[in-house]
1. Is it fair to say Val95 is in a helix (DSSP H, G or I) and either within 20 Å of Ile14 (Cα to Cα) or of a type in the set (A, V, I, L, M, F, W, C) (or both)?
2. Could you tell me whether Thr66 is assigned to a strand (DSSP E or B) and surrounded by 11 or more Cβ atoms within 10 Å (Cβ to Cβ)?
3. I need the full set of residues from region 28-60 which are within 15 Å of the chain's Cα centre (by Cα), at pLDDT 80 or above, surrounded by 11 or more Cβ atoms within 10 Å (Cβ to Cβ) and part of a loop (DSSP other than H, G, I, E, B), in order please.
4. Working carefully through the options Lys120, Lys78, find the one that is within 30 Å of Lys24 (Cβ to Cβ), loosely packed, with under 14 Cβ neighbours inside 10 Å and of a type in the set (Lys, Arg).
5. Can you say whether Lys100 is in a loop (DSSP other than H, G, I, E, B), of a type in the set (Lys, Arg) and over 18 Å from the mean Cα position of the chain (by Cα), as far as the supplied structure shows?
6. In region 85-107, how many are modelled with pLDDT under 85 and touching a Lys or Arg at 6+ places or on another chain (Cβ under 9 Å)?
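The values are calculated or read from the model by the stated rules, or taken from the named source; none is laboratory data. This one's a predicted model, so the numbers in the text were calculated from it and none came from an experiment. All Cβ positions, even for glycine, are placed from backbone atoms using ideal geometry, and neighbour counts span all protein chains on display.
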Amino acid sequence: MKKGESVQGDYITINQVVIDVDGKETWKDLAKTPARIRRHRIPGYIKTLIDALPENQNQLVPGSATAIGRRFSRLMAKNGITMNFHKLRHINASVMAFLKVPEKYALERGGWKSDRVMKKVYTHHFLTNRLKRTK
């Protein structure tokens, strides 16, 4: 994400994605529909980090999307977690459903146009026993 295009005040706008096409990073507008553009408040501690970036650094996280994704997955694996960025979308949808976040807000947060994809693909159910075992 580019600081100058994505960050306005205390908000970040997510309106593009970086994909890997034949080993090359490609920036792609994901705003085919207005529902896919997401705007979220930036937590204070993250905003402080963004504000501390050098003026000439426009990229919020330096490095290629592939390198960042691999670094994240290695960090998770080091801590016994099998995880990538896309799985975070599934977890987020599932946690919102578990917490009974109103559907309107869940759709807005995830950038889904309708609840069909969110419910069929992204939302997974937690078993009550599974949650009790982790406490």
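1. Working: in a helix (DSSP H, G or I): yes; either within 20 Å of Ile14 (Cα to Cα) or of a type in the set (A, V, I, L, M, F, W, C) (or both): yes.
Taking the combined requirement at face value, the residue satisfies it.
2. So Thr66 does not fit the description; no.
3. Once the filter is applied, which keeps residues that are within 15 Å of the chain's Cα centre (by Cα), at pLDDT 80 or above, surrounded by 11 or more Cβ atoms within 10 Å (Cβ to Cβ) and part of a loop (DSSP other than H, G, I, E, B), region 28-60 yields Ile42, Leu60.
4. Values: Lys120 fails: within 30 Å of Lys24 (Cβ to Cβ).
Lys78 is the lone residue from the list that is within 30 Å of Lys24 (Cβ to Cβ), loosely packed, with under 14 Cβ neighbours inside 10 Å and of a type in the set (Lys, Arg).
5. yes
6. 0
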